[in-house]
Amino acid sequence: MRRRTPLTVITVLTALLSACGQPQTPQGVQATSGKVTVSIVPALKAQRLAAQSTGSTSPEVTEVQFPSGSMEFFEQELVVRVTDETAFQSFLTKYNGVVVNDGALPAPPSSSLKTRVVPDRQWRLVRVKAPMVSLEELAQELAALGMQGDIRIPDQDTANLYALALDYAHTDGVKAELNLALKPQASGSALEHQRSPSVFRQPMNNWWLQAGAGNVIRAWEEFGTSGQGVGIAIIDVGFTPNDPDIINSDPLNGIGARRGVMQYDFAQNDYDVTSDAGGDPDPNGTTWHGHGTAAIAFGAQNNHYGETGVAPDATPMLFRVGRGIGNAMSYYDAGRAVDTAVAWGASVISMSFSANTPGGVGIPGTYLGAALDRAEARGVINVAAMGNSQNGEYYDFARWPWKTYPVPAVWSAVIAVGATNSINTRASYSNYGPVVGIWAPAGESNGADAIRVAPSNKYSSGCYSINFCMTTDETEIFPGTSAAAPFVAGAVALMKQVKPSLTKRDVLNIFSQTARKNTPDGNVNGAGLINVYEAVKLARDYTPPPPPPEVPEPPEICRPVSSC
């Protein structure tokens, strides 16, 4: 933990203004250390408040702007790893801390559900009063971490919380990190298979399932795969758990739910993820984001409604982690959702969200990173959207620690998914680069060839109010890497159906052998465009290659020899 330097004149003035009920920091305050300049820009705060929703009891979202992107997080909150209870109690006392959540996971919805063992409750969510820090101190610490460029923050409170998190990033007994605000990576949903002309004809804009793109239909028909018995956990915001495509009902024929849905709302701590005006306000057009991601992964087949998901018979698990603040999702709650998904028996976890963090911050070892590592160790396949920033620089933390990276996609426990369009080239918005593990269809954001799903109540409120639409053209576009990620999650479910023992290493190896690498786009040809039929075909009889041989440690060399 760093030693506090003496208060500067600016800091003393700031404290006096705060005590008088004035704004905490005068405009234009900044400090420079090495290649880092930290500035307080009050206009950022006004912009943040204008973009956020009202009516939520959650702290507001604030941000730190780096040269290559913004890291957003919840005010007042820290995610704390506790390995020494005495040290933790001292931490709470020192910073007026209140425990918001003690890390307990929700019980399974059914007592008959066989759950996996979950880890000890080391991770807590706390709200604190961070002490005043001078901008000089913050700039010095960021420079020491290898940061560069102009770093802008909206107010002194943000500087204080950020500095406190850096103070406790590597301490014994108590380790703290910011509670990042995760953001959805799309705007709508999609898929339905026409078995024959005599059967109900779903919307025909399903290029993403055809042989020239995802090649899903052939996998269904030739191998009889549908994801049966495989649990897919969707961690997201804006769910419609009673939607016909989720519960597999048939509104045209009056057939009710044909499958159950496991669900939990980590924001409201109950077993109902239904989105409503008090839960997921809609300032940014992504309220029903989870509706789309779930429909793409496991939307029901031949139910006279919407489109078909890649794994239409998979077991749905819906976990809401939204706070009702501009559709922001809680990083801490996402970690709890991952642990819960593992405990409840998920085989695949799909995450269509992202947070930008500088290379040295938010890497594995944090709560969400540790939870995903635990999931991978238990054979669960983690899939995440690569993000929609049109960026390809995401691959070298050590070389560029001051750049921001999309997490969790860039972490080693996750398969990162990029998005393609109907001509099998990179969708214009998709991030790219060597960290992408596989590419999948999603379409362009202009809607011309975007993947589609059944309607949410955002665009068809009259139709949705009676829980179904009778017309086949009532679908919504859902482009974005948010669509590509659940597409891959559904494909993995088909693979796990025929070979349950597959690990992430196995899945990536299968992708590398079966993906299309002859597309018109060199970016896509790196990892390749997913070919679901070929992936399932290889998975059926797949034998993992032997692990690489262990490299022995080099012998110790003593100089001079007499010192050995």
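The values are calculated or read from the model by the stated rules, or taken from the named source; none is laboratory data. Computed from a prediction, not measured in an experiment: that's the story for all the values here. Neighbour counts run over all protein chains shown; Cβ positions are idealised from the backbone, glycine included. Surface areas here come from the heavy atoms of the whole protein model, side chains and all, with no ligands, DNA or RNA. Shrake-Rupley method; radii C 1.70, N 1.55, O 1.52, S 1.80 Å.
Pull out all pairs, ordered by first then second residue, where Cβ-Cβ is under 9 Å, the residues are six or more apart or on different chains, the first lies in the stretch 329-350 and is at positive phi, and the second is part of a strand (DSSP E or B) and open to solvent by less than 10 Å² (accessible area, probe 1.4 Å).
Cβ pairs passing all conditions: G345/G231; G345/M317.
Looking only at the stretch 67-99, how many residues end up being closer than 15 Å to V128 by Cβ, within 22 Å of the chain's Cα centre (by Cα) and hydrophobic (A, V, I, L, M, F, W, C)?
Qualifying residue count, the stretch 67-99: 5.
Residue pairs, Cβ under 6 Å, 6 or more apart or interchain, first in the stretch 488-508 and at negative phi, second part of a helix (DSSP H, G or I) and open to solvent by 10 Å² or more (accessible area, probe 1.4 Å). List them.
That search, which allows pairs on different chains as well, returns V498/R540; L502/K496; K504/E376.
How about the stretch 92-103: which of its residues are without any contact (Cβ under 8 Å) to a residue 40 or more places away in the chain and either open to solvent by 30 Å² or more (accessible area, probe 1.4 Å) or assigned to a strand (DSSP E or B) (or both)? Spell out the reasoning first.
Our first condition is that a residue be without any contact (Cβ under 8 Å) to a residue 40 or more places away in the chain; within the stretch 92-103, this holds for 92-94, 96-100, 102.
Passing the criteria: T93, K94, N96, V98, V99, V100, D102.
Checking the conditions here, which among A213, A219, A190, A130 is open to solvent by less than 40 Å² (accessible area, probe 1.4 Å), over 23 Å from K403 (Cα atoms) and at pLDDT 95 or above?
Step by step, each of A213, A219, A190, A130 is checked, and only A130 is open to solvent by less than 40 Å² (accessible area, probe 1.4 Å), over 23 Å from K403 (Cα atoms) and at pLDDT 95 or above.
With respect to N424, determine if the residue is at pLDDT below 85 and surrounded by fewer than 24 Cβ atoms within 10 Å (Cβ to Cβ). Before you say what the answer is, go through the steps one by one.
On the way: at pLDDT below 85: no; surrounded by fewer than 24 Cβ atoms within 10 Å (Cβ to Cβ): yes.
Considered against the rule, which asks whether it is at pLDDT below 85 and surrounded by fewer than 24 Cβ atoms within 10 Å (Cβ to Cβ), N424 comes out as no.
From the residues in the stretch 436-454 that are at pLDDT below 90 and of a type in the set (A, V, I, L, M, F, W, C), which one is farthest from P479 (Cα to Cα)?
Going through the qualifying residues, I end up with A454.
Residue check: is T315 closer than 24 Å to N242 by Cβ, of a type outside the set (A, V, I, L, M, F, W, C) and open to solvent by 10 Å² or more (accessible area, probe 1.4 Å)? If you could, list the steps in order and put the result at the bottom.
Numbers: closer than 24 Å to N242 by Cβ: yes; of a type outside the set (A, V, I, L, M, F, W, C): yes; open to solvent by 10 Å² or more (accessible area, probe 1.4 Å): yes.
Taking the combined requirement at face value, the residue satisfies it.
Within the stretch 64-91, track down each residue that is open to solvent by less than 20 Å² (accessible area, probe 1.4 Å) and outside any strand (DSSP E or B).
Selection gives F88, F91.
All but one of (1) of a type outside the set (F, W, Y); (2) modelled with pLDDT of 85 or more; (3) open to solvent by 30 Å² or more (accessible area, probe 1.4 Å); (4) in contact with a strand residue (DSSP E or B) (Cβ under 7 Å, 6 or more places away or on another chain) hold for P154, so report the exception by its number.
Going through (1) of a type outside the set (F, W, Y); (2) modelled with pLDDT of 85 or more; (3) open to solvent by 30 Å² or more (accessible area, probe 1.4 Å); (4) in contact with a strand residue (DSSP E or B) (Cβ under 7 Å, 6 or more places away or on another chain) one by one, P154 breaks only (3).
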